[in-house]
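> Here's a structure for you.
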C-alpha cells in the first residue's frame, strides 16, 4: 500500500499568531474546541502606548508577555488576547484580537480593557487605515492604525470644486459611482481631502470607517489585495501615488483591469468607494475606461493656487494679529503659484512666532 505524507506550512505574522495557531492545532488533534468565540476591539487614547500596555499587563490579572513596545499578549484561563498599537504625535491607537471559550468572559475582559483608558479614550469620530504592503519575502501583510477625523477643509483650498468641498463629499458618498480620482502635484491637498472623505463616512456610520490602503506598487500586482477588499468589510479602497496604475492599458498597463472589475458589481451595490490619488498632470494620462461616466464619480484636478487664491485661503486660516505677515509672505513672493502645503507651512510658522521671508519654501 502506498503511503502518503502531508505537510502544512504556515506563514505567521508575529509571535502571538504562532502561539495561537499552535493551540488551535493541539485542540484539533485532541478533538476539542479551543477558543470558539472571537471578538476584536479598537480604540485610540491620549496616553503613551507603553504606559497603557503596562497598565494592562499589571492590572488585568492575566499573564502578560511583551516582545516589543508595540505589542502585548494577555493569556488566561479560557482567554487569549493579542494587542498591537501605534503612536501618533499626541495619542496612541490600539487593536486587540480577543479569543475565548465563553462570551461573558470576553465581554468582561473587553470592558476591563476599556476601563483602563476610561479617562483618556478618544470619543471623537475616528477612521481606521488598514495599510497593506509586501514583506521582503513577497507576502502581503497589513498594519492598522486609528486616525482622528478632525480635518477642517476650506472651500478656498479647493477652488476647482465649484459646489464647495463639503457638498462635493456628500454628493460622492451618496452617488452610485464608485471611483474618485484626485489628480495634481504633490502638496495640493489630495491626502487631506481623502481623510475628510473617510471622516465623513465615519460620521454617517456612527462608528469608524474602515479603509484598505496601499501605496505599494508590488502589492497591486497580484489578486490577493483585491480579494481582501471584495470579501472584507472596508468602506473604501484608497490607493495613493497611483501614477503607474492609472495609465492607459494601451501603454502597457497590466494591472488596472483588476480595479475595473471590482469597481462595478458587488462593490458598487454595497456603496463602497475606490479613491485614487495621482501626480499625473494630464487627463490623457488616465485610462478612459476608469474615468467613464457611470463608473467614475469625478476626476478632480487639483492645481497649485494662484496668488489671489492663496490670499483668499490665508485670510481663512490666519489669526487676525498674524494676517498682515501672512499676506506679505504671499504678495512679496517671487513665485506666482503656491501649494497647499506651502500655505499651511506659512501659517504654522507664524503661529509659532517665527518670521516668514517672502520667498520661504
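A short reminder: the numbers here are calculations on the coordinates, not readings from a lab. Remember, predicted model here, so these are calculated numbers, not experimental data. With ideal geometry, Cβ positions are generated from the backbone for all residues, glycine too; neighbour counts draw on all protein chains shown.
> How do 65-76, 30-41 rank on mean C-beta neighbours within 10 Å, highest first?
65-76, 30-41
> Another question about this same structure. Arrange 308, 243, 130, 150 by Cβ neighbour counts within 10 Å, fewest through most, would you?
Placing the least packed residue first, the sequence is 308, 150, 243, 130.
> When a footprinting reagent is the concern and you count Cβ atoms within 10 Å, what order do 137, 322 take, fewest first?
Fewest to most other Cβ atoms nearby, the residues stand as 137, 322.
> Rounded, prolate or oblate: pick one for the stretch 53-161, where a ≥ b ≥ c are the square roots of the eigenvalues of its C-alpha gyration tensor, a/c under 1.5 means rounded, and failing that, prolate if a/b is larger than b/c, else oblate.
Verdict is prolate for the stretch 53-161.
> Using a Förster distance of 56 angstrom, determine the FRET efficiency expected from the C-beta separation of residue 103 and residue 217, and round it to 0.05.
The pair residue 103/residue 217 has a calculated efficiency of 0.85.
> Return 203, 110, 352 ranked ascending by Cβ neighbour count within 10 Å, so the fewest neighbours appear first.
By the 10 Å Cβ count, ascending: 352, 203, 110.
> Okay, next question. Relative to the longest principal axis of the C-alpha atoms of the chain, give the angle of the C-alpha long axis of helix 307-317, reported between 0 and 90° and rounded to the nearest 10°.
50
> Looking at the square roots a ≥ b ≥ c of the eigenvalues of the Cα gyration tensor of the stretch 15-116, which shape do they give, rounded for a/c under 1.5, prolate if a/b is larger than b/c, or oblate?
Prolate, because a/c is 1.5 or more and a/b exceeds b/c.
> Determine, from the Cβ-Cβ distance of residue 335 and residue 288 and an R0 of 30 Å, the FRET efficiency 1/(1 + (r/R0)^6), rounded to the nearest 0.05.
0.30
> Is the stretch 305-351 rounded, prolate or oblate when judged by the Cα gyration tensor, a ≥ b ≥ c being the square roots of its eigenvalues, rounded requiring a/c under 1.5 and prolate requiring a/b larger than b/c?
Prolate.
> So what is the calculated 222 nm ellipticity per residue for the chain, using -39500 (n - 2.57) for each DSSP H run with n of 4 or more, over all residues, to the nearest 500 deg cm²/dmol?
Result for the chain, helices only: -10500 deg cm²/dmol.
> What do you get for the angle between helix 103-116 and the principal long axis of the chain? Use alpha-carbon atoms, 0 to 90 degrees, nearest ten.
50
> Gain in length, residue 69 to residue 249, computed as 0.36 nm per residue apart minus the alpha-carbon separation, to one decimal in nm?
Result: 60.3 nm gained on full extension.
> Which length gain, in nm to one decimal place, applies between residue 315 and residue 23 when the Cα-Cα distance is subtracted from 0.36 nm times their residue separation?
99.0 nm
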